[in-house]
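Here the structure comes first, spelled out in structure tokens, and everything after it is commentary.
Throughout, read-outs are computed from the coordinates displayed, never taken from laboratory work. Everything numeric in this text was worked out from a predicted model, so none of it was measured. Neighbour counts run over all protein chains shown; Cβ positions are idealised from the backbone, glycine included.
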Amino acid sequence: MGMPWVCVVPKLPTLRLMGLIVETLDPTDAYAQRRLKSVDFSLAGYAISGAKLKSVAAAVANGRIGVEVGDTGPNFAAAYTVGANRHFTLRETKSVQDDNWRSQIVHESIHAAFDMEGIRPPNDIDEAVAYLGETVWFRAGGLGRVVTAPDAAAKIYGAASALEARLDLHSTPGQRLTRDQAQDLIAAINGHPGYAPSSAQ
Ligand SMILES: [Zn+2]
């Protein structure tokens, strides 16, 4: 009996992206671990932590959260889809593994962490935690970030940076923020054309 011709074509871009996501959320070096551990706060009762992000890494590694490369629309380079077919969608196959890329992964993984817990925050709170979380992660690396365009995105990042700077979330973990404390950030999110009331991106 002859061997059947089996053409094994591993999905290299997707596998590589899975690896990069896992490395981002569950890194081996101390500097990167410290940055993730600094993401530790709650907003309106919805809490995020480095441990929760690590559990998202485990879910990506074992396939409970899928990864696909595809169209993410005009406003965003990454997206997360909640529910039974939960998965990340990333626009590019050749993503550079820099901090801007990693911060998007932190952002989408915050949506994923709530989804894995079976928690559905209001959309604006979900986004506010995600933007604030990636901003904390950035600042914990000793880095600042200025997003100047497009304007609607710049307003969100500006509000997230101002809130982070005011509360020093990266150096004072475990803070419990009220919706009022994040009202500028929430207003900027609700002013962004990409955020319909029912879809987290
Ligand atoms: Zn989002």
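Per the Debye calculation on the range 12-139 with a single equal scatterer at every Cα and no solvent contribution, log₁₀ I(q)/I(0) for q = 0.10 Å⁻¹ amounts to -0.26. Between the Cα long axis of helix 123-140 and the first principal axis of the chain there is an angle of about 90°, rounded to the nearest 10. The range 120-170 and the range 48-86 have Cα centres spaced 19 Å apart. For the chain, a Gaussian network of Cα nodes joined below 10 Å ranks 20, 143, 163 by mean-square fluctuation, and the top entry is 143. Each of 146, 42, 178 was placed along the dipole of the range 12-190 (beta-carbon charges, centred on the mean Cα), and the one lying farthest toward the positive end is 42. When both bridge partners sit in the range 12-190, DSSP labels roughly 50% of those beta bridges antiparallel. In percent, rounded to a whole number, the relative contact order of the chain is 25, using alpha-carbon pairs under 8 Å and six or more apart. For the chain, a crude dipole built from +1 on the beta carbon of Lys and Arg and -1 on the beta carbon of Asp and Glu, taken about the Cα centre, is about 340 debye to the nearest 20.
Ranking of 52, 155 by neighbouring Cβ atoms within 10 Å, starting from the fewest: 155, 52.
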